[in-house]
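Structure first, then comments.
Derivation of every value follows stated rules applied to the coordinates shown; laboratory data play no part. Nothing here was measured: the structure is a model prediction, and the numbers come from that model. Don't worry about glycine lacking a Cβ; one is built from the backbone with ideal geometry, like all the others, and counts go over all protein chains shown.
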Amino acid sequence: MTEPADPPAAASTDAASTAPFQYQCLARDVGTDARRGVFTTPHGDIQTPTFMPVGTQATVKGVTGDLLRQTTATLPDVTAQIILGNTYHLALRPGHELIRQMGGLHRFMNWDGPILTDSGGFQVFSLSALTKIDEHAAVFRSHIDGRKIELTPEHSIEIQESLGSDIAMVLDHVIALPASTEAVIDATERSVRWAQRCLNAASRPDQARFAIVQGGLDETIRAQCARDLAQHAFEGFAIGGLSVGEPPPEMYRVLSATCPHLPEEKPRYLMGVGRPIDMLEGIARGVDLFDCVMPTRNGRNGFAFTDEGPLKLRNAVHRDDPRPLEANCPCPACRHSRAYLRHLFVAGEMLGPILLTLHNLTYYQRIMHQARQAILAGTFSELLQRHRQLAGADKPEAV
Ligand SMILES: [Zn+2]
């Protein structure tokens, strides 16, 4: 195969020298810890708070890059949309060497916006048959072919540098909850040591490294982990190991205990969260970035998010409903009736999941836009309150 001239991977390296990673806070909310900011990357400026659609296998399922860009096209403040790729999945198939050979992940999937790749830590512990974990590495068997693989912090960074994402996540030691305090401390301290090893192994100046705070549901361990990680030169900080089955108020409590120990001048990313109300509660506690499979996965299953509450399109009540999902939504799904969308799902047509995915992503991006506008206008608490009522939270958590 002939390699075309000027691959984008080289261009992005050049861009990095003039566009370093930088977080700038533009405004703070008066009543909460919410903040409106901009995070600069080689592939564009991310307006925060923001939601990152999940593109596990180098694709947001069923959605082309052009369609994905349409989900933020009517939002005047969005200059670049960031998506998430998955190190574990891409390293197993098609393999990071192949993606590097094809010009990197941006070129491979034809996405010119920012990309964040996770480290593989969560998938190793949740998807694979984990055989051993020690100070050196996690050893596991592939969920695809049973092949035995050793993943070290250094290898995780090497894979992510091959993929060429804008933001690489450090490899962390994820454990199932509930766990004993000793087990949580052991995994958390290992996660801090592994984060340092990731930083030491990193070589790409055009790739940011985000550390991951662990510590289960223990506020003291979380705070200590955040302080330990904050001493190192990471470009951003994530909060991991949440939204794994604990009640939402528990997650909010841990966020309140963690965020104050993270540097003000760096972005904060709450991993794998979540429902619209969870994102707004996270924003209220100082979180800037979110990712979740919920809008895409639920969309594929016929579940639409709306400001009036969720709609299950398979329900017979929508059989002859001429209304769109939402009257003022600019997405392609809302050019159709609920009756038509229901028909697509009942008939098993692939357009149904595609359209609902686009609607839900548009809805999530609209919520983030409303949050950004509300922080600037000093009305974020009202937006939060409205969504607490929508989510049926009759006893709102104190921020
Ligand atoms: Zn819509």
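Name the long-range amide H neighbours of Ala238: under 5 Å, sequence gap of 5 or more, or other chain; modelled H, no Pro or chain starts.
Counting only residues 5 or more places away or on other chains, the set is Ala211, Ile212, Val213, Tyr269.
From the helices alone, meaning DSSP H stretches of at least four residues, give me the mean residue ellipticity at 222 nm for the chain, per-run term -39500 (n - 2.57), in deg cm²/dmol to the nearest 500.
Taking each H run of at least 4 residues, the total per residue is -12000 deg cm²/dmol.
Quick one: Karplus J couplings for region 224-231, per residue in order, coefficients 6.51, -1.76, 1.60, θ = phi - 60°, nearest Hz, x for Gly and Pro?
Each residue of region 224-231 in turn: 5, 4, 4, 5, 4, 5, 5, 6 Hz.
Could you work out the local net charge near Leu84, counting Lys and Arg as +1, Asp and Glu as -1, over the other residues with Cβ closer than 14 Å to its Cβ?
Summing Lys and Arg as +1 and Asp and Glu as -1 gives -1.
Mean separation of Cα pairs under 8 Å and 6+ residues apart, divided by the residue count of region 23-293: what relative contact order is that in percent?
Over region 23-293, the number comes to 18 percent.
For Cα pairs less than 8 Å apart in space and 6+ apart in sequence, what is the mean separation divided by the residue count of region 26-85, i.e. the relative contact order in percent?
It comes to 33 percent, rounded to a whole number.
Going by C-beta contacts inside 10 Å, put Lys312, Lys132 in order with the fewest on the left.
If I rank by nearby Cβ atoms, fewest first, I get Lys132, Lys312.
For Met52, which sequence-distant residues (separation of 5 or more, or a different chain) have an amide H within less than 5 Å of its own amide H, given hydrogens modelled in the peptide plane?
So Met52 has HN proximity to Phe290, Asp291, Cys292.
With a sphere of radius 13 Å drawn around the Cβ of Ser119, what net charge do the other residues whose Cβ falls strictly inside it have (Lys, Arg +1; Asp, Glu -1)?
Its environment carries a net charge of -3.
What spacing in nm lies between the two simple spin-label points modelled at Val346 and Arg93, each 7 Å away from Cα in the Cβ direction?
The answer from the label model is 3.4 nm.
Between the alpha-carbon centers of region 308-346 and region 135-213, tell me the distance in whole angstrom.
42 Å
In debye, nearest 20: dipole of the chain around its Cα centre with unit charges on the Cβ of K, R (+) and D, E (-)?
In total the dipole reaches around 1060 debye.
Residue by residue through region 235-247, what is 3J(HN,Hα) from phi via Karplus (6.51 cos²θ - 1.76 cosθ + 1.60, θ = phi - 60°)? Round to whole Hz and write x for glycine and proline.
Working through the residues one at a time gives 7, x, 9, 10, 10, x, x, 10, 6, 10, x, 6, x Hz.
Please rank Glu150, Glu246, fewest neighbouring Cβ atoms within 10 Å first, as an exposure proxy.
So the residues, fewest neighbours to most, are Glu150, Glu246.
Pull the list of the chain cysteines that no other Cys approaches to under 4.7 Å, Cβ to Cβ.
That list is Cys25, Cys198, Cys225, Cys259, Cys292, Cys331.
Projected onto the charge dipole of region 289-359 (+1 at Lys/Arg Cβ, -1 at Asp/Glu Cβ, origin at the Cα centre), which of Val346, Thr306, Cys331 gives the Cα projection farthest towards the positive end?
Val346
If I take every Cα pair under 8 Å that is 6 or more residues apart in region 150-272, average their sequence separation and divide by the length, what percent do I get for the relative contact order?
Computed value for region 150-272: 24 percent relative contact order.
Treat the count of other C-beta atoms within 10 Å as a stand-in for reagent exposure and order Arg268, Arg93 from fewest to most.
Arg93, Arg268
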